[in-house]
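Chemist: Right, I'll just put the structure down here and ask away after.
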Amino acid sequence: MAENHAPVVRFARRSDAGEILRLVDALAAYEHLAPPEAAARARLIEDVFGPRPRIRCLLGEVEGRAAGYAFTCETYSSFLALPTLYLEDLFVLPEFRKRRVGYALFTACVAEAQRGRYGRLEWTVLDWNRLAIDFYERLGATHMREWQLWRLTRPDFERILGGAGGV
């Protein structure tokens, strides 16, 4: 039966750009966010496939159909003196959930971290995303409650560097 076919995970190719953007749009819809605008979509594809890639993309497929993706990039731990593999997005289309696509994508990230001599694998989860939280808890991941995510956006850069709110 088709539903018993195991997902296949592979690194994306430039020819997958349309599928990647379709999946990113689906994640935006899931999170009730606006999808990336045209310039952002072009930058995203360039950042995956350009001459100096900033992120890597794994695709999870079921029976040859793109079912989910994971974006990763590298950060660095000064205390471990090793790179960290950062998982930016892991998303599976609703119709492919419960078919182990998320598990296959996540374990591919773990394998990449192990192969790449990374000191750790890290990611963030939205506090309302119970499906993701339950998934990571089942895998034995540690919720780093003492660390809080903070953010500046481009308008903040301009405000700070323009002296409007200096320190």
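Chemist: With the condition kept exactly as written, say whether any residue in region 42-65 is aliphatic (A, V, I, L, M), in a helix (DSSP H, G or I) and under 29 Å from D127 (Cβ atoms).
Modeler: yes
Chemist: Name every residue in region 120-129 that is farther than 12 Å from L87 by Cβ and surrounded by 11 or more Cβ atoms within 10 Å (Cβ to Cβ), in order of residue number.
Modeler: N129, the sole residue that qualifies.
Chemist: Can you tell me which of (1) under 17 Å from the mean Cα position of the chain (by Cα); (2) loosely packed, with under 12 Cβ neighbours inside 10 Å; (3) under 21 Å from I20 (Cα atoms) is the one E95 doesn't meet?
Modeler: (1)
Chemist: In region 1-30, how many residues are exposed (fewer than 14 other Cβ atoms within 10 Å of the Cβ) and either among the β-branched types (V, I, T) or in contact with a Leu (Cβ under 7 Å, 6 or more places away or on another chain) (or both)?
Modeler: Residues meeting the conditions: 2.
Chemist: Right, next: Restricting attention to region 106-121, which residues are modelled with pLDDT of 95 or more and touching a Pro at 6+ places or on another chain (Cβ under 8 Å)?
Modeler: Once the filter is applied, which keeps residues that are modelled with pLDDT of 95 or more and touching a Pro at 6+ places or on another chain (Cβ under 8 Å), region 106-121 yields Y118, G119.
Chemist: I would also like to ask the following. Does region 119-126 include one or more residues that are part of a strand (DSSP E or B) and in contact (Cβ under 8 Å) with a residue 40 or more places away in the chain?
Modeler: Yes, there is a match, as at least one residue in region 119-126 is part of a strand (DSSP E or B) and in contact (Cβ under 8 Å) with a residue 40 or more places away in the chain.
Chemist: List every residue pair whose Cβ atoms sit under 8 Å apart, with the two residues 6 or more apart in sequence or on different chains, where the first one lies in region 43-60 and is closer than 15 Å to S15 by Cβ and the second, anywhere, is of a type in the set (D, E) and surrounded by 13 or more Cβ atoms within 10 Å (Cβ to Cβ).
Modeler: Correct list of pairs: C57/D16; L59/D16; L59/E19.
Chemist: I'd like the full set of residues that are over 15 Å from the mean Cα position of the chain (by Cα) and either among the hydrophobic types (A, V, I, L, M, F, W, C) or assigned to a loop (DSSP other than H, G, I, E, B) (or both), limited to region 1-34.
Modeler: Across region 1-34, the qualifying residues are M1, A2, H5, A6, P7, V8, R13, A17, A29, H32, L33, A34.
Chemist: Taking the residues in region 108-118 that are of a type outside the set (A, V, I, L, M) and within 16 Å of C57 (Cβ to Cβ) as candidates, determine which candidate is farthest from the chain's Cα centre (by Cα).
Modeler: Taking the candidates together, the pick is G116.
Chemist: Considering only residues that are of a type in the set (A, V, I, L, M, F, W, C) and not in a strand (DSSP E or B), look in region 66-83 and name the one that is surrounded by the fewest Cβ atoms within 10 Å (Cβ to Cβ).
Modeler: Out of the qualifying residues, it is F79.
Matching residues to (1) of a type in the set (D, E); (2) touching a helix residue (DSSP H, G or I) at 6+ places or on another chain (Cβ under 8 Å); (3) within 26 Å of R99 (Cα to Cα):
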position: H5; (1), (2), (3): no, no, yes
position: S15; (1), (2), (3): no, no, yes
position: G18; (1), (2), (3): no, no, yes
position: P35; (1), (2), (3): no, yes, yes
position: A42; (1), (2), (3): no, no, no
position: D47; (1), (2), (3): yes, no, no
position: R54; (1), (2), (3): no, yes, no
position: L58; (1), (2), (3): no, yes, yes
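The values are calculated or read from the model by the stated rules, or taken from the named source; none is laboratory data. Bear in mind that the values here come from a model prediction, so they are computed numbers and not experimental data. Ideal geometry is used to build each Cβ from the backbone, glycine not excepted, and the neighbour counts take in all protein chains shown.
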